[in-house]
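The values are calculated or read from the model by the stated rules, or taken from the named source; none is laboratory data. Predicted model, so just to flag it, every value in this text is computed and none were measured. Cβ: placed from backbone, ideal geometry, glycine included. Neighbour counts: every protein chain shown. All accessible areas refer to the heavy atoms of the entire protein, side chains included, with ligands and DNA or RNA removed. Shrake-Rupley method; radii C 1.70, N 1.55, O 1.52, S 1.80 Å.
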Amino acid sequence: MSAPTPESARPTETAETPKAPALSDDARASLEALRSEIAKAVVGQDPAVTGLVVALLCRGHVLLEGVPGVAKTLLVRALAASLELDTKRVQFTPDLMPSDVTGSLVYDARTAEFSFQPGPVFTNLLLADEINRTPPKTQASLLEAMEERQVTVDGTPRPLPDPFLVAATQNPVEYEGTYPLPEAQLDRFLLKLTVPLPSRGDEINVLTRHADGFNPSDLRSAGIRPVAGPADLEAARSAVSRTTISPEIVSYVVDICRATRESPSLALGVSPRGATALLSTARAWAWLTGRDYVIPDDVKALALPTLRHRIHLRPEAEMEGVTPDSVITSVLAHVPVPR
């Protein structure tokens, strides 16, 4: 049940207040259709699908974490098939080099000159599959791309396309031959989405689809088609930027993040960048749900995926079974909610 809407969060209606254009409603309908289109291939992962849409609205990146076989890669491929965007996939392996991601200078014998050969990062949607299987040197090749949206080769910055989103996957249970992402890399991801095992009903649905001939390698046969494109995203982002955020909501976000820094279970709390990220994702979620103002429930809804990878547990707390999600849930329960 939604919390009561605080009066301070509602925009004041005046004669000068511009009305949101109808294009905003069209963009919201396109993104709703995007979620429905992905559901044709991926069953029972609505929170992860919504998280990907929120990331697109916020110009952020997503880390998908789940055991093998829960459709992490299929989820990103279905998103790509539902968008009129260029997409590329990189399988991260121990022998992958930074230039295999960003591109490199190639010598042309005909002209006796070096020319830049763009890597797969020059795309709209980059699927970084099993990102924790490559060494830190190659992981770091994405830092500039994710933060600055450009790649510098031989001292020359080269801008990436817009929109640009990195969707990375990783396995949380297999540690042999993996390289845990450092804090600086994790902080570049707007959201960390957990992809759980499906419920019994959803798993029956998955098997029924396969029995009826569903082929995950051929999404076109599943009826997935592009239902949104760059123009829809731009209109949606413009509408999100007009969504009202009251001073009380800003203070609420700050109080949540400051409370993590004071938690005895944490060695590292949420930084101001994390607070900014939570404000952005809550704003996008408010718009997606049909409101032009943010309420505390929007902040609560996005707190776990936005903050869980930005905190670091103390070893003793980890040994006692404390998890990042449990710490954030406890913080949300204790920080006063604006009325």
So is R110 among the basic types (K, R), on the phi < 0 side of the Ramachandran plot and either crowded, with 18+ Cβ neighbours inside 10 Å or outside any loop (DSSP other than H, G, I, E, B) (or both) or not? no
Yes or no: the range 164-171 includes at least one residue that is hydrophobic (A, V, I, L, M, F, W, C), touching a Ser or Thr at 6+ places or on another chain (Cβ under 9 Å) and either open to solvent by 60 Å² or more (accessible area, probe 1.4 Å) or under 25 Å from L278 (Cα atoms) (or both). yes
(1) outside any helix (DSSP H, G or I); (2) surrounded by 18 or more Cβ atoms within 10 Å (Cβ to Cβ) all hold for L105 apart from (2)
Residue check: is R308 touching a residue at least 60 places away in the same chain (Cβ under 8 Å), charged (D, E, K, R) and open to solvent by less than 60 Å² (accessible area, probe 1.4 Å)? yes
Take the residues in the range 59-77 that are assigned to a helix (DSSP H, G or I) and surrounded by fewer than 21 Cβ atoms within 10 Å (Cβ to Cβ); name whichever of them is nearest to the chain's Cα centre (by Cα). T73
Considering only the range 124-219, give the strands (runs of 3 or more DSSP E) lying wholly within it that have at least 2 residues that are aliphatic (A, V, I, L, M) and touching a residue at least 40 places away in the same chain (Cβ under 8 Å). 125-129, 150-153, 165-170, 191-194
Any chance I224 is aliphatic (A, V, I, L, M), surrounded by 16 or more Cβ atoms within 10 Å (Cβ to Cβ), over 22 Å from R314 (Cβ atoms) and out of contact with any Pro (no Cβ under 6 Å at 6 or more places or on another chain): yes
